[in-house]
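Peer 1: One structure follows; several queries about it will come next.
The values are calculated or read from the model by the stated rules, or taken from the named source; none is laboratory data. Everything numeric in this text was worked out from a predicted model, so none of it was measured. Note that we place each Cβ from the backbone using ideal geometry, even for glycine, and neighbour counts take in every protein chain shown. The area values use the complete protein model at the heavy-atom level, side chains included, leaving out ligands, DNA and RNA. Shrake-Rupley method; radii C 1.70, N 1.55, O 1.52, S 1.80 Å.
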Amino acid sequence: MKPINDSLNQLVNKKDFKARLEALKNSILSNSEVKTFLQEHRHELDEQMVDRGLMKMHEFIDQSKCCDKCPSLQSCVNMVKGYHPQLVVKGRNIDLQYERCPRKVQEDERKEQESFIQCMYVPKEILQATMSDIEIEQGRFEAIKLVRDFVREYEPNKKMKALYLHGSFGVGKTYFLGAIANALAEKKVKSTILYVPEFLRELKGSFQDQSFNEKIEYVKKVPVLMLDDLGAESVTSWMRDDVLGTILQFRMLENLPTFFSSNLNFKELQHHLTYTQRGEQEELKAARVMERIKSLAIPVEMNGENKRNN
């Protein structure tokens, strides 16, 4: 932006300074937005106020409004990035008031929406997932319908079953969870997407820094929890009973929706949870965990092409 002072300095040494100054003034006052402003405030302004306000009006003209001169928010040309000027009358002076530009508003809304989603050990691109981007395929019809019903009907403290999405590798189960989280974020509902195997590995190390209970309490109480890739972890009695069982029991009693994604259906998951790393066969304990999962979520099979190979 070229300040009016620069324009005036170029005129000082010229004989026809007054004529050129008048030409600059006429150029400013002939601007359509300036003319509209002066017309709207004609009863508040006099000639002296207009003359004193030439610098502000020049600054206004030279800056981008509604992002018309900016290729992006990061490349904003204005004095205050992300803010564009509005002409206002303050007392006996014409002044500028800076407000967020459309791109800044959009960026702030995106950041606010992201603040409602906590991704733990899940790729950040999942934050970009939306329901509108999900490809409509025959193997997804039921999942899409149930997800839309859930988002539309969700209310805090309302007893609602979430979904247990199961299917082969790469059919988009985790992407679905991200789309659900974003749809809920638009309603200002907080959710957490948790990659189960990595979460359990971190919990094992959290005894040393005494953050174990803090992490468990957070996961237990988040308004909407999404457990991604359940069944990919190694089974121990501690993981199944003291961690997963405790979390699910609390959420079941408190009517806190819990989504799941897995490569295993219910029968396969129960078999997976039955046998521990030590070779122990604990059918009853596995059945207890499965009953909690079944009380929290509706099983939905997802089919389709492996997106990871595209």
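Peer 1: Hey, among 98, 83, 121, which residue is closer than 22 Å to residue 226 by Cβ and of a type in the set (Phe, Trp, Tyr)?
Peer 2: Numbers: 98 fails: closer than 22 Å to residue 226 by Cβ; 83 fails: closer than 22 Å to residue 226 by Cβ.
Checking each option against the conditions leaves just 121.
Peer 1: Can you tell me which of (1) hydrophobic (A, V, I, L, M, F, W, C); (2) under 13 Å from residue 33 (Cα atoms); (3) open to solvent by 30 Å² or more (accessible area, probe 1.4 Å) is the one residue 105 doesn't meet?
Peer 2: If we test residue 105 against (1) hydrophobic (A, V, I, L, M, F, W, C); (2) under 13 Å from residue 33 (Cα atoms); (3) open to solvent by 30 Å² or more (accessible area, probe 1.4 Å), just (2) comes out false.
Peer 1: From (1) out of contact with any Phe, Trp or Tyr (no Cβ under 8 Å at 6 or more places or on another chain); (2) closer than 27 Å to residue 184 by Cα; (3) free of Cβ contacts under 8 Å to residues at least 60 places away in the same chain, pick out the condition that doesn't hold for residue 273.
Peer 2: The single condition residue 273 does not satisfy is (2).
Peer 1: May I ask you to list the residues in the stretch 193-214 that are farther than 19 Å from residue 263 by Cβ, touching a Phe, Trp or Tyr at 6+ places or on another chain (Cβ under 8 Å) and not acidic (Asp, Glu)?
Peer 2: Within the stretch 193-214, 203, 206 qualify.
Peer 1: Wholly within the stretch 145-252, which helices (runs of 4 or more DSSP H) include no fewer than the required count, namely at least 1 residues that are farther than 20 Å from residue 277 by Cβ and open to solvent by 10 Å² or more (accessible area, probe 1.4 Å)?
Peer 2: Because the criterion is at least 1 residues that are farther than 20 Å from residue 277 by Cβ and open to solvent by 10 Å² or more (accessible area, probe 1.4 Å), the helices (runs of 4 or more DSSP H) in the stretch 145-252 that meet it are 173-185, 212-221.
Peer 1: Okay, next question. On the basis of being part of a loop (DSSP other than H, G, I, E, B), open to solvent by less than 70 Å² (accessible area, probe 1.4 Å) and within 30 Å of residue 302 (Cα to Cα), does residue 122 make the cut?
Peer 2: yes
Peer 1: I'd like to check which helices (runs of 4 or more DSSP H) are fully inside the stretch 1-100 and have at least 1 residues that are at pLDDT 90 or above and either among the aliphatic types (A, V, I, L, M) or surrounded by 14 or more Cβ atoms within 10 Å (Cβ to Cβ) (or both).
Peer 2: By residue number, 17-29, 32-40, 47-52, 54-62.
Peer 1: Out of curiosity, is residue 225 out of contact with any Ser or Thr (no Cβ under 7 Å at 6 or more places or on another chain) and either of a type outside the set (Val, Ile, Thr) or closer than 23 Å to residue 123 by Cβ (or both)?
Peer 2: no
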